[in-house]
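Participant: Attaching a single structure in structure tokens format; questions to follow.
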Amino acid sequence: MQLGVIGLGNIGSAIAANLVADHHEVCVFDLAKSRCEPLLAAGASAAAGPAEVARRSEITLLSLPTPVAVDEVTTQWLAGAPPGRLLVDLSTNAPASVRALGARLAAAGCGLVEAPLSGGAIGAKSRALVFMLGGDLEAVERARGVLTPLGRASFHVGPLGQGNVAKLVNSLVAFSTTWASLEALALAAKAGLDLRTTLDVIRTAGAGNFFTNFAVEGINQRGRPSQFALALAAKDASLILDLAREHGVPTPVAAQIGQVLVSAIGAGLGDRDWTDLALLIEQQAAVRLELPPLREGSAPPRG
């Protein structure tokens, strides 16, 4: 197929590379021209802007950091889009913004599918993404033809807007369990417990979650290249609170998580990878979270 990818950050560049590997004709654009170079070497072609991507691509994938960026790029994309083109937005966005965007595209004879995802840059590279799709059935099935080889699962959860509802709900659980787990480990360490034993207890006693069962094994690594910046997590937390207010759902935990992420930005961690959230609890609790090696004969946990 003739496909376009706009936004070549950690996720967008990995997706574009996989589309090239799948022998599609891939047209790419990013404001940072240097991000295009590895893809051009692999066989993609460059566009001068979003309008050119729209002219040359049956389906365009967006991977952008903020709702404002999505709106601005879509306006430029529409300037070059013939009727029948399909835009697939992989970004995390406000459901109301997605619905408004869909109305704009429909008025121009084009379609929109929202496809926010989980799995991050690692999942994008390894084709292990999970997509939460919103849109009408015909458009969603058209998008799935492109997305299915890029991930391990996709869910059509309803009309436009519902895909991002699902994404924000998933993020609330992921953010909350991660921070609660870090608080618990800080308490254990400050009180003198061995963190390997503490994790064995949590996993066996039934309080385990993705962080304690898997991601925590990398807690001793700090300063990784940013795959999902804490500032982006704070943006998503703000979207969660907006959604909760819209529907009148009390979410005190979400509010607290939002403040935690604002604190991380205030502590100078905004550009750091999500995994460096551990640094914040260490600063606040004045404790070092150091996980001893797995005991001999123990199998590493699986995510």
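Coordinate-derived values only; no laboratory data. Model, not experiment: these values are computed from the prediction. For neighbour counting, all protein chains shown are included, and Cβ atoms are generated from backbone atoms with ideal geometry for every residue, glycine included.
Participant: Hey, any idea what the orientation-averaged projected area of the convex hull of the chain's Cα atoms comes to, in nm²?
Facilitator: On the way: hull surface 66.4 nm².
Average projection, Cα convex hull of the chain: 16.6 nm².
Participant: Provide the gained length on full extension for the span residue 294 to residue 148, in nm with one decimal, where the gain is 0.36 nm per separating residue minus the Cα-Cα distance.
Facilitator: Residue separation times 0.36 nm, minus the Cα-Cα distance, leaves 49.0 nm.
Participant: Here's something else I'd like to know. Given H placed 1.01 Å from N in the peptide plane, which residues other than close sequence neighbours of residue 4 have an amide H under 5 Å from its amide H?
Facilitator: Counting only residues 5 or more places away or on other chains, the set is 27, 59, 60, 61.
Participant: Give the separation of the Cα centroids, the range 45-108 to the range 149-169, in Å.
Facilitator: 18 Å
Participant: Ignoring everything except DSSP H segments at least 4 long, calculate the 222 nm mean residue ellipticity for the chain; use -39,500 (n - 2.57) per segment, divide by total residues, nearest 500.
Facilitator: -15500 deg cm²/dmol, from helical runs alone.
Participant: Listed highest first by mean packing, meaning other Cβ atoms within 10 Å per residue, what order do 166-179, 35-48 come in?
Facilitator: 166-179, 35-48
Participant: Contact order normalised by length for the chain, with contacts defined as Cα pairs under 8 Å and 6 or more residues apart; what percent is it? Spell out each step's value before the answer.
Facilitator: Details: 527 pairs, mean separation 39.5, N = 303.
RCO, the chain: 13 percent.
Participant: Determine, at each q value in 0.12, 0.15, 0.18 (inverse angstroms), the log₁₀ of I(q)/I(0) that the Debye formula gives when each Cα of the range 112-181 is one equal point scatterer.
Facilitator: After summing over all Cα pairs, the log10 values are -0.32, -0.48, -0.66.
Participant: Lysine pairs in the chain 8 or more apart or on different chains: how many have alpha carbons under 28 angstrom apart?
Facilitator: Lysine pairs meeting the criterion: 5.
Participant: Another question about this same structure. So how do 12-23, 246-257 stack up, highest first, on mean other-Cβ count within 10 Å? Let's see the in-between values first.
Facilitator: Working: 12-23: 20.5, 246-257: 13.2.
Order by mean packing, descending: 12-23, 246-257.
Participant: Could you tell me the ratio Rg/Rh of the range 2-160? Both radii from Cα atoms, Rh via Kirkwood. Don't skip to the answer; put the middle values down first.
Facilitator: Numbers: Rg = 13.9 Å, Rh = 15.1 Å.
Reported Rg/Rh (Cα atoms, Kirkwood Rh): 0.92.
Participant: Right, something else. Using only C-alpha positions, report the orientation-averaged shadow area of the convex hull of the range 166-303, nm², one decimal.
Facilitator: It is 8.9 nm².
Participant: With helices defined as uninterrupted DSSP H runs, which ones in the chain have an alpha carbon span along their own long axis of at least 30 Å and mean Kyte-Doolittle hydropathy of at least 0.5?
Facilitator: Result, helices passing both filters: 162-190.
Participant: If R0 is 25 Å, what FRET efficiency do you get for residue 256 and residue 155 from their C-beta distance, rounded to 0.05?
Facilitator: Between residue 256 and residue 155 the formula returns 0.35.
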